[in-house]
Amino acid sequence: MDQHSSAPTIASSTALALTFLFTTPIFLKIFDRVKLRSKGCGYDDVHKLYEDEDGTATEETQKEFSVVLPTYLALSSAIIGFLASVTNAVFTTIDPTVSLYIESWLIFGCWSLLLIIIVSVATEHKSATKFDYGRLSAVSSIAIFIALCVRCSVSLSDTTDIKVYNILIVVQIVATILCCVPSSLLPRRPFVVSGGQLVDGQYTVSALGRYTFSWAGRILALARHKKTLDSEDLSKLHLRARSAHLQKDFESKKKGDHLWRGLIIAHYAEILFQFIYAVVESAAQFVPQISMYLLLSTIERRSKGNQTPQMAWIFVVTLGLSIIFASWAQAWLYFVGYARMGLLVRTELSAMIFVKATRRKDVKAVQKAKDLAVLVDSSTSIPAEPHGPIPKTTIERSPETGLDPARTRNIETLDDAEEDIQKTRQSTINLVGVDAKRVSDFMIYWAIIPEVLTGLVVSITFLLYLIGWQSLLAGFAVFIVILPVNIFVSKNFSDSQDELMKVRDQKMVVLTEALQGIRQIKFSAEEKQWQAKIGKKRDEELKTQWRVFCLDTALICVWILGPLMLSTVSLAVYALLHGNLSASVAFTTLAVMSNMEGSLAVLPEVISEGLEAWVSVKRIDEFFNAPERESYITPGDAINLESLSVAWPSDSHADDPVRFILRDIDLRFPPQELSVISGQTGSGKSLLLAAIIGEAEKLCGAINVPKPPPVYERHDAKANKSDWIIGNRTAFVAQIPWIENATIKDNILFGLPYDSGRYNKVIRCCALEKDLQMLPDGDLTDIGANGINLSGGQRWRVSFARAMYSRAGILVLDDIFSAVDAHVGRQLFEDALTGELGIGRTRILVTHHIGLVLPRSAYCVILGGGTVQHAGPTEELQRMGVLENVMKQQQKSYNDETEVAQEVIDDTSNSTLNRILSNTKERSVVFDSSEMDIQGKSQPKKFTEDEKKETGAVKIEMYKEFFSTSGGLWLWLPIMIIFVAHQSIVLGRSWFVGLWTKSFKTESLNIQQLLRQPVALSSNYVSIEAPRHGLSYYLGIYFGLSFILCISGTLRYFLVYMRAIRASKELFEKLTYAVLRAPLRWLDTTPVGRILNRFTADFAAIDSRLGSDLGFLIYEMILLVSIIVAGLFVSVWMLLFAVTLLLFCTYITSTFLTGAREVKRLESNAKSPIFEQFGSALAGIGTIRAFDKADAYIERMFDKIDAHAGAFWHIWLFNRWLALRLNWMGAVFAILVAAVIVFSGIEPSLAGFALSFALQYSTAVTWTARNYANVELSMNAVERVNEYSNIPIEDQNSSIKAPAAWPAEGRLEVANLVAGYAPELPPVLKGLSFNVEKNQRIGVVGRTGAGKSSLTLALFRFLEAREGSIHIDGIDISKISLYELRSRLAIIPQDPVLFSGTVRSNLDPFNNHSNLELYDALSRVHLIHSTGATSHDEPNPTESTCTTPTPSTPPSSNTNVFQSLTSRISEGGLNLSQGQRQLLCLARAIVSRPKIMVLDEATSAVDMTTDILIQRSIREEFQNSTLIVIAHRLSTIVDFDKILVMSDGRQVEFDTPESLVEREEGVFRGMVEQSGERTRLENVIREEKGKGKGKGKERA
């Protein structure tokens, strides 16, 4: 006994030490509790609802929570075990024949401590502490169980020692099990709820449930029951996985350090766990292999006549337990990697990027401006017109650029630069979509490095034992020869992946721009050109993707070839050295070397991912370190600017010669008064407002603005009429009104509480009553992104209403009158700006409507030349005569209005300018606070519908779609044949290895590789009598078969990739075609983010993953079938076990797929809102920050990030749930097979095959299930792409073909036109009829929402006629193709659309015109000035057809960007003012010179002087064109041939201006009278009438 006593003593002592260690926290807790009780502190109220950082329990979950049964079961078992240990200790002590009495007392000590732990569990009130004690109890029970098993094995080995106390040991073993299981089943807490949503159960369920992922079962069961899942069904993540917590925690730990250091500091615990799990999992993977080797060695000894020792059964149990443990370690390695590392990193980086974006400068300039400046040299200067005939080479120097061929290289360099430039806003979004994912992916997979290194150490150690150092060294010598090939291919593969990401980024830029400018593309009928442009990028992407596939195929070839060379050389050397080769050595060596080669092959890929992640880390770090918006504003009592110089924000610290700067500004805006800022287009008015709200970049000087109170002191939710206005808060209306995707009411309230009285006043004074009455759902009408379903005037007024409703005492307004009618503008001015809601607030207004606002203004600022030309109190400027001069300079023809204003100002002896113009009376509007009926009567319909989601399994039609686009099913038949042939050769090679081992007269024993590898499928034929041949014979055949396998294994995936790339190409073309030709209504109601998600994320899955997933699925299915067929030749029992396992695995897999499929769809849908919110917030960041709402939008973004993270979390939770259970099924199957082998006593050869079959089968079933799931999830991308590929598109057919020169005259006939935006919506045009003759100029006026813009949409057939018709030159436009119609007309829309690029690319995107034509168009719209005349009414000293433009500002001041056609235009043209964008669009139309031109408020944002010049240019340039002009300025169209007055989609009046103005109570006459420029308008009409009579006399 002494010989055996050391093991039980060590085991018992270790168990006691561990149990004491686990009991120590309980002793400390008891000590603290005694101290508290001595101080009179009682217990917490145990009856209140449970609450912690994650959430609060509900009454229902609190009632369901119970720990009584497991607690008392554990306590009862502990008492029984304690009593048995006491009895056993006493018996062994008094029995002199027993020598293990010390061990018995050690076990007694363990039970005593365990009983203390379990009693503490029973008496503890806090559930979380009870849970912790339960884990200590379970681990202590396991320690005692192991000690008792060791003691029992020693006792049982001595048959003379079987006495009563041995029975007591067995009782104790059972008691430890009954203690361990209930202790591990104690739930940690009741289910808690946060924000009305159930919190994830990871920290709710028991320890056993947590470590086996069983909490996923609740949602999987729900999915199986409902057949679908909604986002509300998913659990909310625990607090430490939520973006708000992660962002705050990470920001505190990063503290300005490098990003990678911050990541390590923030996640050191997860990194440590990953390392430990990786090492343990890698080592554990070899334990089943060693167990099988020892078990088969034992069976071999039995076959030689030796009795089977009892250790064989231990090997059987060890085999199963090692598989269970290895699979558990692997599952937790990946769970920690995905769910607790990758997910958290991606979430916190996304949150940090958005928070940083809200703090960054709002940079609107193009990137890399300083790099591009060198390209704009003399070659891109404005060409001068030579005297005399113009040589052809002057006009057409280059067929594409218009420049000298010697200069073309510069432009090509510029084009290359354009490809590399990512737009500011899109590049920021890419940080979330691309870079954050790259970093998180590497944080998941970095643990493969220690896993591989550990595997290599274990593999080499095992191989040294199996084949010796000589054979191993020989194999490694060959491996070293192959390694450079592997490294070379891997490096090229990594480089190609990097290039693929770059090409995808470029494709995304083009797609984003196309989708954002889709209206301009469709108006211009440029769908084909843009499809070709997108297709060019797509071809580059597919070309790169194909290179990646080819290199991937080469890697597969190397991976197959590697084990071949390693095993062939090593086994050959072993056979030469030892003279024989046993099957056990041969197949075990093959398995280990295959695993080692696989590890070495994956290492370069992980390293390459690490390099990619490093690049992304640097990009994100650069973004984090980018300059933030400086808080340059000094608190003050009023808004004062002292010697201030400001510019638009820029990330570059270098001087930019084209940067616009406002210099030397000294202004004193009076508090609670109206101040007016005016100046020419591009003079810096918006920049001055940006400086006031803190959105500019201060170069020098100072600015004082009242400081608003912090958010927590405002108490917005409790605001009432008495304290509504906070004098120091600011509201802002931007030059481009920012409207978010919400209802009109939500846009106006903007997070403030609803005050019906104030809200109704705002609606009335902002002239929104009629608009809301026309809208089907009133103010609950859902508004699309950027207010897409509102007219321009409505967007302005909703944005203005937001400012008026706000609590701000300072209103900063950028030209709110530019897009509204004259009478609406007057109502906004009188009722809102200077009415009850405006009085008492500081109002700073930018406007060109000086005549309207001047009389009531207290302060006036005139900008020009990059500085302040005039500024001061209005009365003072008037006395000095400045305003009169300014008015004359701005607009010569406005003298009458100036005189009217002069009279009013002169009469104000009491220094008050609060009277309106002479044709109105002074009034202060007071509104009734009663409710208005402005809400819809029924449930409002959402403009932007929720994203659709399929339910159930992916439909068979999706598979048909994929296979048909890949070339048809018949092309997949050869691929299937190659897969089957490959697996057949695998079987044949295994049979041949059996012959080889037989040739050495060794028992045929086949130990199949335990780690998954496609090299050999075990095959063993005991009856084979192999003829003896030389070693070279067997090596030659083995090498030949392996070489064939290498070729077939490579070829099968090559063909699969070929089919996949073809399918992807066709699917993309179908989607592009459909989206570009989709109806405008669909494009307006579908957020850009959703469409981009299809083009990017979904096609990334189709391109990169679907082919691989499909290939692996085919391989696994054929492998599974081949194993089942092979099993039939072994035993019927094997087949029974296989079928039983298959049924269980099928059930588990189907349960998994039901949930995983739905969650994947939810995850796909959850991506889009993040990018939509990101884009929307970045577009309106100035407005958001001015209203001090950044925190609210950050919180909203956090919710969206958490929604996506929650879906992603559940995907990987379900994956681990599946993997663990399938592996456990395989472990049970392996134990059963091993037990049958040991019990039945079958031969070693058959035993080896049976065991290898068991392991191979379970692995095959597992991977078949996984790959089927992967294919299903990847097919979800095909499903989503197919959804948008099959949307209804615009009718591309035509019944007649328009003549080539159509329209030749430009006659327009509209007859009884009825049209609407959608079939289910009421018509917006209701029986409209009018005729336009050749070359007539028609002005269209009407209140905002009257249907003016809808008319233009009908002319271009964006609205199809329900009744009536439109004829152009006698041809019904509904009968010709859309391309013929839209390409022959031209429109300048209300919202100017520009694309990033250059001035030239926006004027002439497809290089159809020379540079001289483009410069001429720019001069015609006065974006550049010329040395000669720009109109026929001005002298032309050069008498040339084209002039030499000169800068419109002195060289010493700001540079005119339009001097060069290669000047950069940023995304959306945001580096230009609104007026400059409109003028550039007008120049683009002048270049095309259409026969019918539609201008929809094309000059609303330009100053009066420029507007007059432009109107003159329009009249001259389009004398031979029919003009239809929608205008809010009556002066723009008052001299037109006819005026169409619209109201509610109907024609109210249509006649000449003189006829309409003479009508008593006429609508147009009323508009003239209320315009504020009545005298001037009537004079113009009389002049035009006189001209008409004069022309009539001449003709007579």
Given the whole protein assembly as supplied and a 1.4 Å probe, what does the accessible area of Met976 come to in Å², nearest 10? 80
Phe325: accessible area at probe 1.4 Å, nearest 10 Å²? 100
How many nm is it between the label spots at Ser1543 and Tyr1147, if each spot is 7 Å from the Cα in line with the beta carbon? 7.5
Order of exposure, largest accessible area first, which applies to Ile144, Ile978 with probe 1.4 Å: Ile978, Ile144
Using 0.36 nm times the number of residues separating Thr1455 and Ile177, minus their current alpha carbon distance, what extension gain do you get? 451.6 nm
Around Ser1122, with a cut-off of 14 angstrom between Cβ atoms, what is the net charge of the other residues, counting Lys and Arg +1 and Asp and Glu -1? 0
Built amide H within the under 5 Å cut-off of Asp95, gap 5+: none
Of the listed pairs Lys522/Lys1200; Lys236/Lys1167; Lys227/Lys1167, those with alpha carbons more than 26 Å apart are Lys522/Lys1200
Arranged from highest to lowest average of other beta-carbon atoms within 10 Å per residue, in what order do the peptides 702-711, 1206-1215, 831-840 appear? 1206-1215, 831-840, 702-711
For the stretch 679-801, the percent of accessible surface on carbon and sulfur atoms (probe 1.4 angstrom, ligands and nucleic acids excluded) is 52
From the Cα gyration tensor of the stretch 1134-1187, with a ≥ b ≥ c the square roots of its eigenvalues, which class applies: rounded if a/c is under 1.5, or else prolate if a/b is larger than b/c, or else oblate? prolate
Quick one: order Ser1396, Ser608 from most to least accessible surface, probe 1.4 Å. Ser1396, Ser608
Net lengthening on full extension, Glu1560/Asp723 (0.36 nm per residue, minus Cα-Cα): 296.6 nm
Might you tell me the accessible area per residue for the stretch 470-511, computed with a 1.4 Å probe and given in Å²? 45
What FRET efficiency do you get for Thr56 and Tyr959 if R0 is 35 Å and r is their Cβ-Cβ distance, rounded to the nearest 0.05? 0.15
Summing +1 per Lys or Arg and -1 per Asp or Glu among the other residues with Cβ less than 14 Å from Leu1325's Cβ gives +2
Output the peptides 1419-1425, 623-629 sorted from most to least packed, where packing is the average of other Cβ atoms within 10 Å over each peptide's residues. 1419-1425, 623-629
So, with points 7 Å from each Cα along the Cβ direction, the Asp498-Ser231 label distance in nm works out to 3.7
How far, in nm, would the chain grow between Glu1290 and Arg1582 when pulled straight, counting 0.36 nm per residue and subtracting the alpha carbon separation? 100.5 nm
At 1.4 Å probe size, with no ligands or nucleic acids counted, give the accessible surface of Asp1391 in Å², nearest ten. 70
Using a 1.4 Å probe and counting only protein heavy atoms, arrange Val68, Val1238 so the residue with the most accessible area comes first. Val68, Val1238
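The values are calculated or read from the model by the stated rules, or taken from the named source; none is laboratory data. Nothing here was measured: the structure is a model prediction, and the numbers come from that model. All Cβ positions, glycine included, derive from the backbone under ideal geometry; neighbour counts span all protein chains shown. Quick note on the areas: whole protein, heavy atoms, side chains included, nothing else; ligands and nucleic acids left out. Shrake-Rupley method; radii C 1.70, N 1.55, O 1.52, S 1.80 Å.
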